[in-house]
Amino acid sequence: MSRKLYPDARAALDGLLRDGMLIHSGGFGLCGIPSLLIEAIRDSGVKDLTFVSNNAGVDDAGLGLLLKTRQIRRMIASYVGENAEFARQYLAGELEIEFNPQGTLAERIRAGGAGIPAFFTRTGVGTAVAEGKPTQEFDGVTYVMERGIMADLAIIHAWKADPEGNLVFRKTARNFNPVMATAARVTVVQVEEMVGQGELDPDHIHTPGIYTKRMILVPPGTEKRIEQRTVRKRSEPATPAAAGTDPLPAR
């Protein structure tokens, strides 16, 4: 058994949680979110948390669970449009929010993991995004300074892992999860499939195991929520007559 593998989410987070933490939470919408670790944080009762996430979940899933229990004090996010409770708390002055353009948010996280304290970008100059932030002119163009983000804890969802914590992400789950895994003092990962040592192709590893401190396995059958299911109606296949062509003659 891997020394990094823990029996469940509660055990994996034991000793790591405290009030007032800054936490990276991976995923994109509800895709690739660390749902079991979010539930364990809810059950722990820690509060006054700041979460960095692409989104704020929905009312009954993802970070929406922690909004419902009032454990989140501040959100740093790029999209929060699917959560009515989030909107209610924000408009009532009960929740702080720092909006970031999505690319800026991703770069702030990447910079934190790379040890870069700040960087300049043209995105947001002249808008509310740049209010109160230093600006600088380079080659006649104005840029706004953004700070890198280094979290106390990152909670991550991965597709595959080996005993050393080398991680592979699948499709959309590969956007914020890998950069967040590098940008925290401790990274805890929920994994769908554990493979043996040496079974992952080194060229296919997205996050090296040096970043992974603790892991849990996602139990089979765990629900994967879909934010909005949109299905295109399929048209009936055209018959030869409807298509204006004669059927092929019998042979």
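Side notes on the structure shown:
This table checks each residue for (1) within 24 Å of Glu82 (Cα to Cα); (2) open to solvent by less than 70 Å² (accessible area, probe 1.4 Å); (3) in contact with a His (Cβ under 8 Å, 6 or more places away or on another chain).
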position	(1), (2), (3)
Ala9	no, yes, no
Ala12	no, yes, no
Leu16	no, yes, no
Met21	no, yes, no
Leu30	yes, yes, no
Ile41	yes, yes, no
Lys47	yes, no, no
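- Selection within region 74-103 - in a helix (DSSP H, G or I) and either at pLDDT 95 or above or not aliphatic (A, V, I, L, M) (or both): Glu85, Phe86, Arg88, Gln89, Tyr90, Gln102, Gly103
- On inspection, Thr187 does not qualify as over 26 Å from Asp48 (Cβ atoms) and among the hydroxyl-bearing types (Ser, Thr, Tyr).
- Out of Met145, Met180, Met194, sole residue that is in contact with a helix residue (DSSP H, G or I) (Cβ under 7 Å, 6 or more places away or on another chain) and of a type in the set (A, V, I, L, M): Met180
- Here is the figure for region 101-146: residues that are hydroxyl-bearing (Ser, Thr, Tyr) and over 24 Å from Val80 (Cβ atoms) total 3.
- Residue in region 86-104 that is under 17 Å from Arg147 (Cα atoms) and in contact with a Gly (Cβ under 7 Å, 6 or more places away or on another chain) present: yes
- Check on Leu65, out of contact with any Gly (no Cβ under 6 Å at 6 or more places or on another chain), buried (at least 20 other Cβ atoms within 10 Å of the Cβ) and more than 14 Å from Glu96 (Cα to Cα): yes
- Residues that are charged (D, E, K, R) and either in a loop (DSSP other than H, G, I, E, B) or touching a Lys or Arg at 6+ places or on another chain (Cβ under 8 Å) (or both) within region 1-44 comprise Arg3, Lys4, Asp8, Asp14, Arg18, Asp19, Asp43, listed in sequence order.
- Matching option when the condition is open to solvent by less than 10 Å² (accessible area, probe 1.4 Å) and out of contact with any His (no Cβ under 6 Å at 6 or more places or on another chain), among Gly209, Gly221: Gly209
The values are calculated or read from the model by the stated rules, or taken from the named source; none is laboratory data. As the structure is a prediction and not an experimental result, all values here were calculated from the model. Cβ coordinates were reconstructed from backbone atoms using ideal geometry, including for glycine residues, and neighbour counts include every protein chain displayed. When the accessible area is computed, the model is the full protein with side chains, heavy atoms only, and any ligands, DNA or RNA have been set aside. Shrake-Rupley method; radii C 1.70, N 1.55, O 1.52, S 1.80 Å.
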